[in-house]
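A.B. asks: For reference, the structure I am asking about is given below.
The values are calculated or read from the model by the stated rules, or taken from the named source; none is laboratory data. The structure presented is a predicted model; accordingly, all values stated were derived computationally and were not measured. Ideal geometry is used to build each Cβ from the backbone, glycine not excepted, and the neighbour counts take in all protein chains shown. In case anyone asks, the SASA skips ligands and DNA or RNA and just uses the protein heavy atoms, side chains included. Shrake-Rupley method; radii C 1.70, N 1.55, O 1.52, S 1.80 Å.
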Amino acid sequence: MIVSMDWLKDFVSFKLAPQELADLLTGAGLESTVGENGDTLDIELTPNRPDCMSHFGVAREIALLTDAKLKQTDISLSESDQLVEDAVTIIIEDEKGSPRYSARVVKGVKVGASPDWMVQRLELCGIRSINSVVDISNYVLLELGHPLHTFDLGLVEGETIIVRSAKKNEKMVTLDGENRKLSSDHLLICDSKKPVGLAGIMGGENTEVTEKTTDVLIECAYFDPVTIRKGAKKLNLSSEASRRFERGADYDDVTVVLDRTAQLITQIAGGEICAGVVDCYPKVIKPKNVLLNRKRAESSIGVAFDDKFIRSTLDGLGIGHKKKNDQYECVIPSFRPDLEREIDLCEELARVYGFDKIESKTTYVGDVTTILPDEERTVDELRDYFSGMGFNEVMTNSLLSEQDAQTLSELKPLPVANPLSREMSVMRPSLLPGLLGAVNYNLRRGENDLSLFEYGNVFQAEEKKWAESPQFSGVACGDRVSKGWRQDQHKNDFYLLKGVVCDLVQRFGFDGSFTELENSSVFSYGMRWETSSGWLADIGLVNNDILGYYDIGLPVVSVNLNLELFNSTIEAVQFSKLPQFPSIDRDLSLSVPSTVTIGELESIIQENGTDLLLAAKLYDLYGGDQIESGMQGVTFSLSFRSDDRTLQDDEVDTIMEKIISETSSQVNAKLR
């Protein structure tokens, strides 16, 4: 909010330079910066301080912080003999949405241009001049902080104002010329036949004050903040009025605001003020009462306050109070809706005292006697590993549409009780929909070579409850390495992820092997690494139906890790001494039926290689014309070593013969 330095001096005297004043307000919680020419302050107000959304409100803060006197505006009115009750009638049908609605009437005005001093002040605060009456309503808004609206009384049919909820699909044209479609969440200001204003947000075009206007109806009301917030949000319409009403306007200053507006209208545009105010106030709002205990305030803030400081602070804040022993019985002013509890008053004392003046009276020292486990250690290691492999981390929305969740038919999504939209109606049961959405987003922008991973929580519905758990997943498509000079092309394919899982198994010290996944609704072909403690990782080719739903025309491979198993690994890293004895390497070339998998052969080799077998690596696979039909040629490189002696060739020969014999008997393999 922009405030004028000159305008502030109408209410409080200060000799501070602009930057000094900005620093003072910032220290008190009103973050301020000085305008370009030093004649304005730009204040970043928090949502709980609607009382400072005016020059008078900011001046009240300055007076409190500088121990200056706050000056009130002198309001004096000359009223005509005609009673305002004879000019307009007010009926409130929705008392929850509009607890109070008041009005004044000024007749015989001459609408024209505003005086230069008013135009300059409005423009300095970012509001353009329209005409004298409209400018006055904006001026009073910026001066006192309470939104108001002026109607052309001659266009208000039946000389009646009715405040009611809008009907479903009811329409009205607002001052900006837009035809607004409303719902029952909106509050309307109507005359006897039609809507004339969208309460707390914007007036109607059909009663706009123009140069033809002679009689003016001035509205000042207190509207329910929740009602205004909902209505403005549904229309995606924010105004100076709605920003104040939805934070909580002053419910007790409507008469002052009406009088000030009527005073300025008669001074600038002439006319006569009808006697009295129509104040429709069905249920009077009572001010809140809060007990402030001095000792508790001192304990929570860490400062010993004397009674003089507490009394002067409460007076400066406009809080009525009466002391009994160590307690103050406080009456919260109507312009401070944020003060509800004792701790709120304690914070006010600390704010006015100065947070920077509160000294730390305790020194905390201690010795760390234990090492606490880091819950994110494993996830950080996985992040580092995948980043090193060329993957990019993404963060996707945890809310999905029901259609997105249905692509994973084997999982039960958790519906949201009050969804913001159909696109965010269920909690994600898996990270895969978000990752595929990211793939689609990049493909549509010409980026085809993708390696992505994500860590986040997933949610699934269970009987009469729900479950939340962390998940780590990745996807890849396109090229991992593009073809170039002296460089072969490498695809982001199934074997990349298989190698990733094998590498992770070795890094984290897991046992087990790959098995084929059957009946997967996600993968057209997939594999799972099974350990003695459970499954570790699933990898596979995402099936075409899911890819088609996300409009992805490239093959996509996916990996999903079992974080629970990764987190269960031993914290301590075991040291292995460097080998003292040489290894013996042998090649094993076999001819096996094409139906035999490499995994089966590896299992037989590992089972019969004894504890001397260090590694078994496949480095050739052949299925050409030089081998009989239905067979394939495979070659493994086997490495043997002992940790306590130098191996002899005959020891390795015995093991090799055992391996050859077992592969022959179990899978009908032949030595090539």
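A.B. asks: Which one of the conditions (1) in contact (Cβ under 8 Å) with a residue 60 or more places away in the chain; (2) open to solvent by 20 Å² or more (accessible area, probe 1.4 Å); (3) part of a helix (DSSP H, G or I) does Y251 fail to meet, given that it meets all the rest?
C.D. replies: For Y251, the exception is condition (3).
A.B. asks: Can you spot a residue in segment 557-574 that is over 27 Å from V475 (Cα atoms) and open to solvent by less than 60 Å² (accessible area, probe 1.4 Å)?
C.D. replies: No - not one qualifying residue is present in segment 557-574.
A.B. asks: Being farther than 23 Å from M1 by Cα and either buried (at least 20 other Cβ atoms within 10 Å of the Cβ) or at pLDDT 95 or above (or both) narrows it down to one residue among A59, A113, A63; which is it?
C.D. replies: A113
A.B. asks: For segment 629-646, which residues satisfy the criterion of being within 17 Å of D587 (Cβ to Cβ) and either out of contact with any strand residue (DSSP E or B) (no Cβ under 7 Å at 6 or more places or on another chain) or touching a residue at least 60 places away in the same chain (Cβ under 8 Å) (or both)?
C.D. replies: R641
A.B. asks: Check whether at least one residue in segment 201-217 is more than 22 Å from V106 (Cα to Cα) and open to solvent by less than 30 Å² (accessible area, probe 1.4 Å), and report yes or no.
C.D. replies: The answer is yes, given that some residue of segment 201-217 is more than 22 Å from V106 (Cα to Cα) and open to solvent by less than 30 Å² (accessible area, probe 1.4 Å).
A.B. asks: Collect the residues in segment 236-248 that are open to solvent by 30 Å² or more (accessible area, probe 1.4 Å), outside any helix (DSSP H, G or I) and either on the phi < 0 side of the Ramachandran plot or in contact (Cβ under 8 Å) with a residue 60 or more places away in the chain (or both), keeping them in residue-number order.
C.D. replies: Result: S238, E246, R247.
A.B. asks: Select from segment 446-456 the residues that are over 26 Å from the mean Cα position of the chain (by Cα) and charged (D, E, K, R) and write down the one among them that is surrounded by the most Cβ atoms within 10 Å (Cβ to Cβ).
C.D. replies: By that ranking, first place goes to D449.
A.B. asks: Which ranges mark the helices (runs of 4 or more DSSP H) fully within segment 532-613 that have 2 or more residues being small (G, A, S) and modelled with pLDDT of 90 or more?
C.D. replies: Where helices (runs of 4 or more DSSP H) fall fully within segment 532-613, none carries at least 2 residues being small (G, A, S) and modelled with pLDDT of 90 or more.
Here is a yes/no grid of residues against (1) out of contact with any Gly (no Cβ under 6 Å at 6 or more places or on another chain); (2) in a helix (DSSP H, G or I):
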position: W466; (1), (2): yes, no
position: Q471; (1), (2): yes, no
position: V475; (1), (2): yes, no
position: L504; (1), (2): yes, yes
position: F514; (1), (2): no, no
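A.B. asks: When segment 37-49 is examined, which residues are found to be touching a residue at least 40 places away in the same chain (Cβ under 8 Å) and either crowded, with 24+ Cβ neighbours inside 10 Å or part of a loop (DSSP other than H, G, I, E, B) (or both)?
C.D. replies: D39, L45, P47, N48, R49
A.B. asks: Sticking with this one: Looking only at segment 463-472, filter to residues that are open to solvent by 10 Å² or more (accessible area, probe 1.4 Å) and touching a residue at least 12 places away in the same chain (Cβ under 8 Å); which one of those is farthest from L497 (Cα to Cα)?
C.D. replies: W466
A.B. asks: Got a number for residues in segment 417-437 being open to solvent by less than 20 Å² (accessible area, probe 1.4 Å), out of contact with any helix residue (DSSP H, G or I) (no Cβ under 6 Å at 6 or more places or on another chain) and in a helix (DSSP H, G or I)?
C.D. replies: 4
A.B. asks: Restricting attention to segment 254-268, which residues are open to solvent by 10 Å² or more (accessible area, probe 1.4 Å), of a type in the set (A, V, I, L, M) and more than 30 Å from V331 (Cα to Cα)?
C.D. replies: Selection gives I268 alone.
A.B. asks: Would you confirm, using the coordinates I've provided, whether G158 is at positive phi, assigned to a helix (DSSP H, G or I) and open to solvent by 20 Å² or more (accessible area, probe 1.4 Å)?
C.D. replies: Yes; evaluated as a whole, the condition is true for this residue.
A.B. asks: Which of the residues that make up segment 379-416 are small (G, A, S), open to solvent by 20 Å² or more (accessible area, probe 1.4 Å) and outside any loop (DSSP other than H, G, I, E, B)?
C.D. replies: Within segment 379-416, S387, G388 meet the criteria.
A.B. asks: Confirm whether V106 is over 38 Å from the mean Cα position of the chain (by Cα), at pLDDT 95 or above, under 25 Å from T160 (Cβ atoms) and open to solvent by less than 10 Å² (accessible area, probe 1.4 Å).
C.D. replies: Yes; evaluated as a whole, the condition is true for this residue.
A.B. asks: If a residue counts only when it is open to solvent by 40 Å² or more (accessible area, probe 1.4 Å) and closer than 30 Å to A87 by Cα, which strands (runs of 3 or more DSSP E) contained entirely in segment 272-349 have at least 1 such residues?
C.D. replies: By residue number, 272-275, 278-280.
A.B. asks: May I ask you to list the residues in segment 176-199 that are closer than 20 Å to T160 by Cα and open to solvent by 10 Å² or more (accessible area, probe 1.4 Å)?
C.D. replies: S192, K193, K194, P195
A.B. asks: Would you be able to tell me the number of residues in segment 54-71 that are among the small types (G, A, S) and closer than 8 Å to F11 by Cα?
C.D. replies: Looking only at that region, the number is 1.
A.B. asks: Sort out which residues of segment 458-478 are out of contact with any Leu (no Cβ under 9 Å at 6 or more places or on another chain) and either at pLDDT 90 or above or of a type in the set (K, R) (or both), and write them in order of number.
C.D. replies: Within segment 458-478, K464, K465 meet the criteria.
A.B. asks: Now for a different question. I want to confirm something. Restricting to segment 656-672 and keeping residues that are in contact with a helix residue (DSSP H, G or I) (Cβ under 7 Å, 6 or more places away or on another chain) and assigned to a helix (DSSP H, G or I), which single residue is nearest to S594 (Cα to Cα)?
C.D. replies: V667
A.B. asks: Which of the following residues is free of Cβ contacts under 8 Å to residues at least 12 places away in the same chain, touching a strand residue (DSSP E or B) at 6+ places or on another chain (Cβ under 9 Å) and either open to solvent by 50 Å² or more (accessible area, probe 1.4 Å) or on the phi < 0 side of the Ramachandran plot (or both): K233, K171?
C.D. replies: K171
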